[in-house]
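Asks: Before I ask anything, let me first share the structure, which is written out below as structure tokens.
The values are calculated or read from the model by the stated rules, or taken from the named source; none is laboratory data. Bear in mind that the values here come from a model prediction, so they are computed numbers and not experimental data. Neighbour counts run over all protein chains shown; Cβ positions are idealised from the backbone, glycine included. Please note that ligands, DNA and RNA were not included when accessible areas were found on the heavy atoms of the full protein model with its side chains. Shrake-Rupley method; radii C 1.70, N 1.55, O 1.52, S 1.80 Å.
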Amino acid sequence: QVQLVESGGGLVQAGGSLRLSCTTSRRTFSGYFVGWFRQVPGKEREFVAGIKWSYGNTDYADSVKGRFTISRDTARNTVYLQMNSLKSEDTAVYFCAANAFGRTTMRPEQYDYWGQGTQVTVSS
């Protein structure tokens, strides 16, 4: 079983920035599509951004486009989510997930592996 671990969450003021990191127990993310999701109580898990590890193709939810950037560091075997211009509505638990077949998808049920989540809280 592949294990994913997120880090970098915390409390920031509106307008501030955070960078989340995702690592895997696998040797590399090679062949995966890696996505970031977020979830608030009472709401379904929401796709935020994703990246094809092999080629660097990226996808973003409209709500974060222009503010968030997903990237990868092959040397460190890490996927990042740089979050800028944070808003109160960005407050959520953020999860890293992977589709093992490299399929681009926004549907949580199509992801094979998940991290435990990291809390991001944006204060006003």
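Asks: By the scheme Lys and Arg +1, Asp and Glu -1, what is the net charge of all other residues having a beta-carbon under 13 Å from that of Asn84? Let's see the in-between values first.
Replies: Values: positive: Arg19, Lys65, Arg67, Lys87; negative: Asp90.
Its environment carries a net charge of +3.
Asks: Nearest 5 is fine: what % of DSSP beta bridges in the chain come out antiparallel, could you say?
Replies: Percentage antiparallel, nearest 5: 90.
Asks: Suppose every Lys and Arg Cβ carries +1 and every Asp and Glu Cβ carries -1, with no other charges. What dipole size does the chain come out with about its Cα centre, to the nearest 20 debye?
Replies: 280 debye
Asks: Hand me the chymotrypsin sites (Phe, Trp or Tyr not before Pro) from the range 23-101 located in a DSSP loop with no more than 11 other Cβ atoms within 10 Å, in residue order please.
Replies: The qualifying sites are Tyr55, Phe101.
Asks: So if we plug the beta-carbon distance of Asn77 and Thr121 into 1/(1 + (r/R0)^6) with R0 = 30 Å, what FRET efficiency do we get, rounded to 0.05?
Replies: 0.60
Asks: Give the Rg (one decimal place) followed by the Dmax (whole number) of the chain, computed from C-alpha coordinates and expressed in Å.
Replies: Rg, Dmax (Cα atoms, Å): 13.3, 40.
Asks: Continuing with the same structure: Set the Förster distance to 30 Å, then compute FRET efficiency between Thr28 and Glu89 from the Cβ-Cβ distance, nearest 0.05.
Replies: It comes out at approximately 0.35.
Asks: Measure off, as a whole percent, the carbon and sulfur share of the 1.4 Å-probe accessible area of the chain, all protein chains present.
Replies: Percent of accessible area from carbon and sulfur atoms in the chain: 45.
Asks: Write down the accessible area per residue of the range 1-82 in Å², having rolled a 1.4 Å probe over the full set of protein chains.
Replies: About 53 Å² of surface per residue is accessible.
Asks: For the chain, set up a GNM with springs between Cα atoms under 10 Å and report which of Gly56, Gly31, Gly42 has the largest fluctuation.
Replies: Gly42
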